[in-house]
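Below: the structure, in structure tokens.
The values are calculated or read from the model by the stated rules, or taken from the named source; none is laboratory data. Since we're looking at a predicted model, the values are computed, not measured. FYI the Cβ positions are ideal-geometry reconstructions off the backbone, even for glycines, and counts take in every protein chain you see. Ligands, DNA and RNA are stripped out before the accessible areas are found, and what is left, the full protein with its side chains, is counted by its heavy atoms. Shrake-Rupley method; radii C 1.70, N 1.55, O 1.52, S 1.80 Å.
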Amino acid sequence: MKHFDYIIAGGGCSGRSLAVRMLPYLEATNKRVLLVDRAQKKENDKTWCFWEKESDIFEPTVFRRWNHLSFSSSSVDKELDIQPYQYKMIRSGDFYAYTDQILAHHPQVSCIQAEVEKIYTEKDQAYVVIDGELFSSDYTFSSIPKIQEKRPDRYHYLLQHFEGWVIETEDHTFDPDCATLMDFHTPQQAGSSFVYVLPLSANRALVEYTVFSEQELTKEAYTTALKLYIREQLHCEHYSIIAQEHGLIPMSDHPIKAQQGRVIYLGTAGGFTKGSTGYTFRFIQKHTASIVEQLLQYGDPQVRPLSAARFSLYDATLLNLLISGRISGEEIFSRMFQKNSATQILKFLDNETSIFEEIQIFLSLQKQEFAIALVNRTLKLIRSN
Ligand SMILES: Cc1cc2nc3c(=O)[nH]c(=O)nc-3n(C[C@H](O)[C@H](O)[C@H](O)COP(=O)(O)OP(=O)(O)OC[C@H]3O[C@@H](n4cnc5c(N)ncnc54)[C@H](O)[C@@H]3O)c2cc1C
């Protein structure tokens, strides 16, 4: 049986983030890592957007950045000052190429393309079956999606699904310095839905139609919504579609185990997708950075939870409200952006606010509706126990 100090199962966003961050630790300790993914990872299969105050290690892969954002709905039209944050976009293809370049020739990292068939933990080892062969490790980090067989009634399950087009227009349609974070000028029948517009230049942008609902839409429904938005809101009749992206991110308050014995879960598989927004990229970066900090300090990769438990309660309450339909996503986010500074909201969505700051935000929201959602969520938990 082959042994590696660490195995990273899944070389997508979180697997590669961890591998690159681990390099100084590997060099200092002479330890070895096996990184395995079933895919070659050459395609540009996702676009990651996130906000941050400072530059992180993947700054060289940032494709575009914006200092200004805007929010629009039937009741609010607002340019958002997000300083000291910047809103950034990384194309996964660039990220894979950059990390390949760093990892591929590193003597302490072995990268293989193969199928992970099984992962299990016994005593002080983690075992991984890869293409029929058994490997052992001191720890295995896995971002392989977990199949959720049971969906207990006490939790909420919603999908964030989206279709995005990179379009090129004949005229100068976009302000390259300002990205649209949310524009609710879309039909709201299918669920809370909005469009975001990320300008790549004055005549090129990623226009993405996003819906929060329990089911995905038909291909035609996404197409109709995007065409309508481009015509009615961007006032653009003539354009070509350069690239397309479709995605689905599960939004849930179903707790996910971040560790089982010697197996540590990363990324979406580890529960690092924020239940109420689907944002994951920054949480992955914070998690993988803290694993490496622990390794460097104590030689042990086990970390404490990244966020205080109360943030899961907030996510669950918001999910309850969105699923119940008592007030729409448009009403919730409009009030949030109307009454609070954008930087406070971004800090809150990063799970980094203090309780005092959170009280300020809650007082600005639809208090009665949120209180009912909190009670309903608690009753749901109690009744199905
Ligand atoms: C289209 C899309 C757009 C997104 N945009 C954003 C965004 O803008 N901002 C944000 O914060 N979040 C975004 N997300 C959410 C999240 O950031 C991404 O899903 C991110 O890629 C999650 O990283 P991960 O490492 O958990 O999973 P992945 O990046 O999917 O990595 C998992 C890896 O496991 C491999 N794998 C799976 N099964 C096996 C197996 N059996 N054997 C070997 N390998 C296997 C896969 O090939 C994959 O490479 C987006 C998600 C999608 C789907």
Practice problem: For the chain, give the share of DSSP beta bridges that are antiparallel, in percent and rounded to the nearest 5; count only bridges with both residues there. | Solution: 70
Practice problem: Calculate I(q)/I(0) for the range 102-190 by the Debye formula, one identical point scatterer on each C-alpha and no solvent, and give its log10 at q = 0.11 Å⁻¹ to two decimals. | Solution: -0.74
Practice problem: DSSP loop (so not H, G, I, E, B), at most 12 other Cβ within 10 Å: list which chymotrypsin sites (Phe, Trp or Tyr not before Pro) in the range 250-285 pass both filters. | Solution: none
Self-check item: C-alpha center-to-center spacing [the range 10-53, the range 126-162] in angstrom
Solution: 17
Quiz prompt | ³J(HN,Hα) computed for each position of the range 163-176 - Karplus, 6.51 cos²θ - 1.76 cosθ + 1.60, integer Hz, glycine/proline x | solution = 10, x, 10, 8, 10, 10, 9, 6, 9, 7, 9, 10, 9, x
Quiz prompt | the range 318-385, relative contact order [Cα under 8 Å, separation at least 6], % | solution = 45
Self-check item: Percentage relative contact order, the range 65-180, counting C-alpha pairs under 8 Å, at least six apart
Solution: 24
Quiz item: Just how far, in whole angstrom, is the range 213-274 from the range 336-352 if you go by their alpha carbon centroids?
Solution: 22
Quiz prompt | DSSP-loop GluC sites (Glu not before Pro) across the range 142-249, with at most 14 other Cβ within 10 angstrom | solution = E149, E170, E214, E237
Quiz item: In debye, nearest 20: dipole of the range 157-252 around its Cα centre with unit charges on the Cβ of K, R (+) and D, E (-)?
Solution: 160
Quiz item: In whole Hz, what ³J(HN,Hα) sequence does the range 277-286 give by Karplus (6.51, -1.76, 1.60; θ = phi - 60°), x for Gly and Pro?
Solution: 10, x, 5, 9, 3, 5, 5, 4, 5, 5
Quiz item: About its Cα centre, how strong a charge dipole does the range 233-385 have in debye, to the nearest 20, once Lys and Arg get +1 and Asp and Glu get -1 at the Cβ?
Solution: 520
Quiz item: Projected onto the charge dipole of the range 157-252 (+1 at Lys/Arg Cβ, -1 at Asp/Glu Cβ, origin at the Cα centre), which of Y229, S240, L158 gives the Cα projection farthest towards the positive end?
Solution: L158
Practice problem: Round to the nearest 0.05 the FRET efficiency obtained for Y120 and R231 when R0 = 56 Å and r is the Cβ-Cβ distance. | Solution: 0.55
Quiz item: Tell me, what is the percent relative contact order of the range 28-119, built from C-alpha pairs under 8 Å that lie six or more residues apart?
Solution: 45
Self-check item: Per residue accessible area of the range 157-252, 1.4 Å probe, in Å²
Solution: 45
Practice problem: Grab the beta carbon distance between D94 and K219, set R0 = 30 Å, and tell me the FRET efficiency rounded to 0.05. | Solution: 0.65
Exercise. Give, in nm to one decimal, the length gained when the segment between D77 and T29 is fully stretched (0.36 nm per residue of separation minus the Cα-Cα distance).
Key: 11.9 nm
Practice problem: Report, to the nearest whole %, how much of the accessible area of the chain belongs to carbon and sulfur atoms, 1.4 Å probe, protein only. | Solution: 49
Quiz item: For the charge dipole of the range 310-383, defined by +1 on Lys and Arg C-beta atoms and -1 on Asp and Glu C-beta atoms about the Cα centroid, which residue among A371, I382, S334 has the Cα displaced farthest towards the positive pole?
Solution: I382
Quiz item: Based on the Kirkwood radius over alpha-carbon pairs, what value in µm²/s does the Stokes-Einstein equation return for the translational diffusion coefficient of the chain at 37 °C and 0.692 mPa s?
Solution: 148
Practice problem: Work from the charge dipole of the range 1-152 (Cβ charges, +1 for Lys and Arg, -1 for Asp and Glu, about the Cα centre) and give the residue of Q108, L34, S92 farthest towards its positive end. | Solution: S92
Exercise. Scan the chain and report its longest stretch carrying no trypsin sites (Lys or Arg not before Pro) that are both in a DSSP loop and have at most 10 other Cβ atoms within 10 Å.
Key: 151-385
Practice problem: Working from the alpha-carbon coordinates of the range 310-383, get Rg over Rh, Rh being the Kirkwood radius. | Solution: 0.96
Self-check item: Interchain or long-range residues, amide H under 5 Å from A205's placed H
Solution: I167, L200
Quiz item: What spacing in nm lies between the two simple spin-label points modelled at I256 and I355, each 7 Å away from Cα in the Cβ direction?
Solution: 2.8
Exercise. Treat every Asp and Glu Cβ in the chain as -1 and every Lys and Arg Cβ as +1, leave all other atoms uncharged, and give the resulting dipole magnitude about the Cα centre to the nearest 20 debye.
Key: 1160
